[in-house]
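None of the figures in this text is laboratory data; all of them are computed from the coordinates on show. Computed from a prediction, not measured in an experiment: that's the story for all the values here. Note that each Cβ is placed from the backbone with ideal geometry, even for glycine, and that neighbours are counted across all protein chains shown.
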Amino acid sequence: MSKVRLATVWLDGCSGCHMSFLDMDERILEIAARVEVVYSPLVDLKEFPADVDVTIVEGGVSSEEDLHKIRMVRSRTKLLIALGDCAVTSNVPGMRNTFKVDDVLKRAYFENADLNPQVPSEVIPRLLPRTRPVHEIVPVDVFLPGCPPPADVIFGALVSLLDGTTPDLSATRFGR
Amino acid sequence: MSSRPSAKPAAPAPSSKVKTLTIDDRLVSAREDESILDAARDNGIQIPTLCNLDGLTPVGACRLCMVEVKGSSRLFASCVTMVGEGMEVVTDSERLQKYRKTIVELLFSERNHVCAVCVSNGHCELQNLAQLLGVTHLTVPYLNPKLPVDASHERFVNDHNRCVLCQRCVRVCGEVEGAHTWDINGRGIGARVITDLNQPWGSSETCTGCGKCVQVCPTGALTEKGKSVREMSKRTRFLPYLTMMREDRSE
């Protein structure tokens, strides 16, 4: 039996969900025996490949890059998992949503800048008007709320999905 | 005085009559002045609630305790619907679950409940309800309204971002403390809890600073100053004792 092709992507989040993923410790070997990690910030691959079976998304959709990436990821993924509150609710990155983007940038790059105040116009992708949860942009198949979701829940959910059963989410919730 | 609030008088008052009804196919009896919610709980049947709190007058504000009553197509808030003879009540169905989930989703979408950075994270009744009802995400869009935080009071904070308009603060202040500092201003989605005539809490002439509103608030809307994320746990169990002691005195 060929291995399940697994990818993880990191949009607007703190990487805490990826850390929680790694927190499953030696059980990660059990997962590794059943999947092939084809793309992730944890491994050194630059291009998101085609024909991915499962993609785990951390983070909300905040910038033009996030938007482009999540659409591309969805089009190349069979099962999309929103991991953690930023992906599920927009959470902390979404706290800017009550302000206008210009005001947010002014605050960050002018009012709080000691040297050379300017809004970056190169390399840094432009912010969208609001940070949105992933499922407001593309369809999501599985939601794992939590900030971060506990390692046990991530491990349990992955094993359930690999076994073809419904994950038990009773041990996590918004905020966690 | 050593009796506890749970030890209600063994014999009902002479005027009260007993009604028999079925709740979830179980035959139960209840006093005629009892709500469906109380009758269900007396019989170990749990109905989810948010605005309801033992010791305060029920108002049916949150609608989470809705139940189906045979013979009517509309739903009834069980906290404010009295039992009736021969009533057939259903407290849990696919339809009720769907509506309850939607109510919780709408509460999350109407304000800015950022659980991860909330002082009440881990002690929040809204958070618990989401978990209980299996709300893993919202199917309605977030509104992200711009809402104020009133930190003008010396000891307490009112954060409208976390308010669910349950009116527990309004009721405990009016009914138990007797100060009636809190009220609701506006309607529908524009409704806000206010102090006195919509002035900063710290400038309120009527607030006694007793903190009952803070303790009964189910979320992180009313909190004590100086609490960080996860630190604001509340105590609500004092209420039945207070009301019981007052009833005793008035007898």
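Here are the numbers for the structure shown:
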{"read-out": "Number of Lys pairs (Cα under 29 Å; 8 or more positions apart or on different chains) in chain A", "value": "8"}
{"read-out": "Segment A:1-111: C-alpha gyration tensor shape, a/c 1.5 cut-off, then a/b vs b/c", "value": "prolate"}
{"read-out": "Integer Hz, Karplus 6.51/-1.76/1.60 couplings in order for segment A:15-28, x for Gly and Pro", "value": "6, x, 5, 5, 5, 5, 4, 5, 5, 6, 6, 5, 5, 4"}
{"read-out": "Amide H contacts of residue B:156 (H built 1.01 Å from N, under 5 Å, at least 5 apart or other chain)", "value": "B:225"}
{"read-out": "Cα gyration tensor, chain B - rounded (a/c under 1.5), prolate or oblate", "value": "oblate"}
{"read-out": "Contact order normalised by residue count of segment B:18-92, Cα under 8 Å, 6+ apart, percent", "value": "41"}
{"read-out": "Per-residue HN-Hα couplings for segment B:184-200 [Karplus 6.51, -1.76, 1.60; θ = phi - 60°; Hz; x = Gly/Pro]", "value": "10, 10, x, 10, x, 5, x, 6, 9, 6, 10, 10, 6, 9, 6, 10, x"}
{"read-out": "Ranking of B:225, B:101 by count of other Cβ atoms within 10 Å, fewest first", "value": "B:225, B:101"}
{"read-out": "Likely footprinting exposure, A:47, A:136, fewest C-beta neighbours within 10 Å first", "value": "A:47, A:136"}
{"read-out": "Lysine pair count for chain B [Cα-Cα under 23 Å; pairs on different chains or 8 or more apart]", "value": "12"}
{"read-out": "Point-charge dipole on Cβ atoms (K/R +1, D/E -1) for segment B:168-233, about Cα centre, debye to 20", "value": "300"}
{"read-out": "Residues whose placed amide H lies under 5 Å from that of residue A:37, excluding near-sequence neighbours", "value": "A:6"}
{"read-out": "Tilt relative to chain A, helix A:151-163 - C-alpha long axis, 0 to 90 degrees, to 10", "value": "50"}
{"read-out": "Unpartnered cysteines - no second Cys beta carbon under 4.7 Å - across chain B", "value": "B:65, B:79, B:115, B:118, B:124, B:163, B:173, B:207, B:210, B:217"}
{"read-out": "Angle in degrees between helix A:64-75 and the longest Cα principal axis of chain A, rounded to the nearest 10", "value": "20"}
{"read-out": "Under the Karplus curve 6.51 cos²θ - 1.76 cosθ + 1.60, θ = phi - 60°, whole-Hz ³J(HN,Hα) for segment A:49-63, x wherever Gly or Pro sits", "value": "x, 8, 6, 8, 7, 10, 10, 9, 10, 9, x, x, 9, 10, 10"}
{"read-out": "Span from the segment B:220-244 Cα centroid across to the segment B:62-90 one, whole angstrom", "value": "31"}
{"read-out": "Highest-fluctuation residue, A:145, A:133, A:125 considered, GNM on chain A with Cα pairs under 10 Å", "value": "A:125"}
{"read-out": "Residue among B:58, B:218, B:141 with the largest mean-square fluctuation in a Gaussian network model of chain B, springs linking Cα atoms under 10 Å", "value": "B:141"}
{"read-out": "Residue order, fewest to most beta carbons within 10 Å, for B:231, A:26", "value": "A:26, B:231"}
{"read-out": "Spin-label zone in segment B:196-231 - amide nitrogen under 11 Å from a point set 7 Å from the Cα of residue B:152 along the C-beta vector", "value": "B:196-205"}
{"read-out": "Cα gyration tensor, the protein assembly as shown - rounded (a/c under 1.5), prolate or oblate", "value": "oblate"}
